[in-house]
């Protein structure tokens, strides 16, 4: 526990921006008309693959026009 | 000028609407910060993972701050480049493919402004994202290891950003010259890899190659000072950017918008 | 007063000539239909006039353009399938295009609202264009073509993709626009051209095969015509009619034969006689003059 308290100031900001990334990906997924591949699959990828999931979604999952 | 700003404003607004202003900087932070964190916590991580035979003692020499920062920067020239290319490859090609470029260019819009505003928009995103990401990496490295002087941070930022801008401009050029975003991305990546590989393996012959800028930046970090070759390499990088952009405009103007 | 002059306009695609030399001029304030079957070269012609394609040969001259002026500023163009940035709202897109065409931010917004009202989609001004229906996109497309008050607007098949109600509305809109600007629109539907336009350019296989005002065309092609309607297919009677000395040409369509004749009195007598003698199963005998559709068909079949 002691150690965890030491890590907090270092790791908390990282955890927060990860969370922001995840939330924006989810918001975008909900709003977007169509994605490359099924939406539910992207939802799973975003939620369960840490960090890489949301980035993957933004890079290849989004489809415009 | 006002038309150019209108075009640029549209680019930046689009990047808000599709959240690029959020996810690209965050990705760049995570990409770089990973390095100081994992280096610092490596002993604990190995400990927690366990599985080492009883009594085995692993000696991991603590890396220097410069080494950590250099490895962190390495992420930007690999995965960072991948993200830059993937997010930029469709910038012109996909607008032409969908036909929306034709809707815009039947208005009295200069082709030069159209291409350069797009370039400026994506360059702005890259510069800002890379700055935030590298700043975070620098901060974590200083916090966990040793502080690297801030002016060295700025110098190395500038060198790396210049090389990344060359790659971004190659991507914009391919996007203007080719109809398919996918092919544009593939060729840009291939070009970036070939230039890096050739310049690195034959570094004695290609001292002025823009790809060497990253090597000169690393020299700054390990305390060797600014290399004499960095000026010609930097000038060549700027020349490459200008030439590629002019070619993009030229080719784009020649191509017929309606297929 | 001519607004634009086209001379010797040609276009080749990979060696094949699609537009084979067009010469025409458009008069100011007129509504002109570019009429022709699919593949005649209508879209290619409009694209060249709008600057989206470079002609292989020929010249396009705007009478009123100053030297070195970007002619795109004088033209409004609506492609057959208008596309927008799907993340923009209708109002945003119009304002954006307006600013690109040189309006100030304030002017662009005011003009956009005015046009959204005119084309009847003011309610949807804050909706993303991704959510617009086909008819709404067509209207937004017309609005963007008008944003900078161009001297000439060119519309590529503006009503072809719409349902009957949408078509009616867009045609009425065009009717209203005629007062403000010169319109050139392409269509393959004759009745649309006939309804809205003063003048017609018939395009066929990359050439203008006929042109003029509606009345001119009717007068020029006024020709006696007899329509015979049979019970069942008309093809078996065509030979006799075709070879008759009074006949000029024959068109067959299902159970109908249209015969263009030199002299209506002789033809009537001769055909009625033949019908009676050979006991043809006739349902209707009609003497009429040529419609524009006949002109269209005749011109296309030449």
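The values are calculated or read from the model by the stated rules, or taken from the named source; none is laboratory data. It should be emphasised that the depicted structure is a prediction, and the values quoted were computed from it without experimental measurement. Ideal geometry is used to build each Cβ from the backbone, glycine not excepted, and the neighbour counts take in all protein chains shown.
Please enumerate the residues belonging to the stretch A:44-65 that are touching a helix residue (DSSP H, G or I) at 6+ places or on another chain (Cβ under 6 Å) and assigned to a helix (DSSP H, G or I).
A:45, A:46, A:53, A:54, A:55, A:57, A:58, A:59, A:61 - these are the residues of the stretch A:44-65 that are touching a helix residue (DSSP H, G or I) at 6+ places or on another chain (Cβ under 6 Å) and assigned to a helix (DSSP H, G or I).
Only residues in the stretch A:20-33 that are free of Cβ contacts under 8 Å to residues at least 12 places away in the same chain and within 9 Å of chain B (Cβ to nearest Cβ) count as the first member; pair them with residues that are surrounded by 13 or more Cβ atoms within 10 Å (Cβ to Cβ) and outside any helix (DSSP H, G or I), Cβ under 9 angstrom, at least 6 apart or cross-chain, and list the lot.
Pairs that qualify, where the first residue is free of Cβ contacts under 8 Å to residues at least 12 places away in the same chain and within 9 Å of chain B (Cβ to nearest Cβ) and the partner is surrounded by 13 or more Cβ atoms within 10 Å (Cβ to Cβ) and outside any helix (DSSP H, G or I), are A:27/B:19.
Hey, residue B:170 hits all of (1) at pLDDT below 95; (2) surrounded by 14 or more Cβ atoms within 10 Å (Cβ to Cβ); (3) within 30 Å of residue B:107 (Cα to Cα) but one; which does it fall short on?
Condition not satisfied by residue B:170: (1).
Out of the stretch A:29-43, which residues are out of contact with any strand residue (DSSP E or B) (no Cβ under 7 Å at 6 or more places or on another chain) and in a loop (DSSP other than H, G, I, E, B)?
Selection gives A:33, A:34, A:36, A:37, A:38.
Please go through (1) away from every other protein chain (no Cβ under 12 Å); (2) closer than 21 Å to residue B:17 by Cα for residue B:153 and return the number of the only condition it doesn't satisfy.
(2)
For the stretch C:70-90, give me each residue that is out of contact with any strand residue (DSSP E or B) (no Cβ under 7 Å at 6 or more places or on another chain) and more than 9 Å from chain B (Cβ to nearest Cβ).
If the condition is that a residue be out of contact with any strand residue (DSSP E or B) (no Cβ under 7 Å at 6 or more places or on another chain) and more than 9 Å from chain B (Cβ to nearest Cβ), then C:90 is the only one that fits.
Inspect all residues belonging to the stretch B:106-115 and state whether any of them is touching a residue at least 12 places away in the same chain (Cβ under 8 Å), away from chain C (no Cβ under 14 Å) and either within 24 Å of residue B:186 (Cβ to Cβ) or surrounded by fewer than 20 Cβ atoms within 10 Å (Cβ to Cβ) (or both).
yes
Can we say residue C:38 is out of contact with any helix residue (DSSP H, G or I) (no Cβ under 6 Å at 6 or more places or on another chain) and facing chain B (nearest Cβ under 7 Å)?
So residue C:38 does not fit the description; no.
When you check residue B:15 against the structure, is it surrounded by fewer than 17 Cβ atoms within 10 Å (Cβ to Cβ) and within 14 Å of chain C (Cβ to nearest Cβ), yes or no?
It is false that residue B:15 is surrounded by fewer than 17 Cβ atoms within 10 Å (Cβ to Cβ) and within 14 Å of chain C (Cβ to nearest Cβ).
Report yes if some residue within the stretch C:269-289 is under 36 Å from the mean Cα position of the chain (by Cα) and in a helix (DSSP H, G or I); otherwise report no.
no
(1) modelled with pLDDT under 90; (2) at the interface with another protein chain (Cβ under 8 Å from one of its Cβ atoms): which one isn't true of residue C:66, the others all being true?
Here residue C:66 meets the rest and fails (2).
Can you find even one residue in the stretch C:91-108 that is within 13 Å of another protein chain (Cβ to nearest Cβ) and touching a strand residue (DSSP E or B) at 6+ places or on another chain (Cβ under 8 Å)?
Checked the stretch C:91-108: no residue is within 13 Å of another protein chain (Cβ to nearest Cβ) and touching a strand residue (DSSP E or B) at 6+ places or on another chain (Cβ under 8 Å).
Given the structure, is residue B:182 away from chain C (no Cβ under 14 Å) and on the phi > 0 side of the Ramachandran plot?
Spelling it out, it is not the case that residue B:182 is away from chain C (no Cβ under 14 Å) and on the phi > 0 side of the Ramachandran plot.
Quick check, is residue C:120 modelled with pLDDT of 95 or more and in contact with a helix residue (DSSP H, G or I) (Cβ under 7 Å, 6 or more places away or on another chain)?
In short, no.
Between C:184, C:217, C:252, C:201, which is more than 20 Å from residue C:280 (Cβ to Cβ) and in contact with a helix residue (DSSP H, G or I) (Cβ under 7 Å, 6 or more places away or on another chain)?
C:217
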